[in-house]
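Notes follow the structure.
The values are calculated or read from the model by the stated rules, or taken from the named source; none is laboratory data. Just so it is clear, the structure is predicted and the values come from calculations on it, not from any experiment. Every residue, glycine among them, receives a Cβ derived from its backbone with ideal geometry; neighbour counts consider all protein chains shown. Note: accessible area is taken over every heavy atom of the protein model, side chains too, but ligands, DNA and RNA are not part of it. Shrake-Rupley method; radii C 1.70, N 1.55, O 1.52, S 1.80 Å.
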Amino acid sequence: QVQLVESGGGLVQPGGSLRLACAASGRISSIYIMGWYRHAPGKQRELVAVISNFGTTGYGDSVKGRFTISRDNAENTVYLQMNSLTPEDTAFYYCNLKIGALDYWGRGALVTVSS
């Protein structure tokens, strides 16, 4: 079993920044992909960013240039630095870990961008 625990969500004003973290624990192999997805009310779930254990990254079009994903392999932790936030970034952000064909999800962290 794998457990994912997100932290760092909250309320921020437009133009501000937040940093999310996701710590993974349990039976984790050395090769896996971690990432973030988000789900806003009335919208479909959206890819935010992913990173492989080799450091290869990918981003959703709506966050490119504003968000940065990173990871600490020794701590099995992934981070999402979010800058220049807008109200359109308001959503639940879910941590995801993929090991082969298996998908694991965190419980989500709410990010609210509002003045």
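Just give me the residues in the stretch 41-61 being at pLDDT 95 or above and open to solvent by less than 50 Å² (accessible area, probe 1.4 Å), in sequence order.
Answer for the stretch 41-61, where residues must be at pLDDT 95 or above and open to solvent by less than 50 Å² (accessible area, probe 1.4 Å): VAL48, ALA49, VAL50, ILE51, GLY58, GLY60.
Go through the stretch 98-114 and give me each residue that's more than 10 Å from the chain's Cα centre (by Cα) and either surrounded by 22 or more Cβ atoms within 10 Å (Cβ to Cβ) or not β-branched (Val, Ile, Thr) (or both).
Matches in the stretch 98-114: LYS98, GLY100, ALA101, LEU102, ASP103, TYR104, TRP105, ARG107, LEU110, VAL111, SER114.
If you check VAL5 against the conditions, is it among the β-branched types (Val, Ile, Thr) and within 14 Å of GLY108 (Cα to Cα)?
Yes: the conditions hold for VAL5.
Just checking: which of the strands (runs of 3 or more DSSP E) contained wholly in the stretch 17-88 hold 2 or more residues that are under 15 Å from TYR104 (Cα atoms) and touching a Phe, Trp or Tyr at 6+ places or on another chain (Cβ under 6 Å)?
33-39
Suppose the filter is of a type outside the set (Gly, Ala, Ser), within 15 Å of the chain's Cα centre (by Cα) and surrounded by 14 or more Cβ atoms within 10 Å (Cβ to Cβ); does ILE28 pass it?
So ILE28 fails the test.
For the stretch 9-25, name all the residues that are on the phi > 0 side of the Ramachandran plot and open to solvent by 30 Å² or more (accessible area, probe 1.4 Å).
GLY15
Residue-by-condition table, conditions (1) free of Cβ contacts under 8 Å to residues at least 12 places away in the same chain; (2) not charged (D, E, K, R):
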position: MET34; (1), (2): no, yes
position: GLY42; (1), (2): yes, yes
position: GLU46; (1), (2): no, no
position: ALA49; (1), (2): no, yes
position: PHE54; (1), (2): yes, yes
position: LYS64; (1), (2): yes, no
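Output the qualifying pairs, or none if there are none: Cβ atoms under 8 angstrom, residues six or more apart or on different chains, first residue in the stretch 96-115 and under 19 Å from PRO41 (Cα atoms), second residue in a strand (DSSP E or B) and among the basic types (Lys, Arg).
VAL111/ARG38
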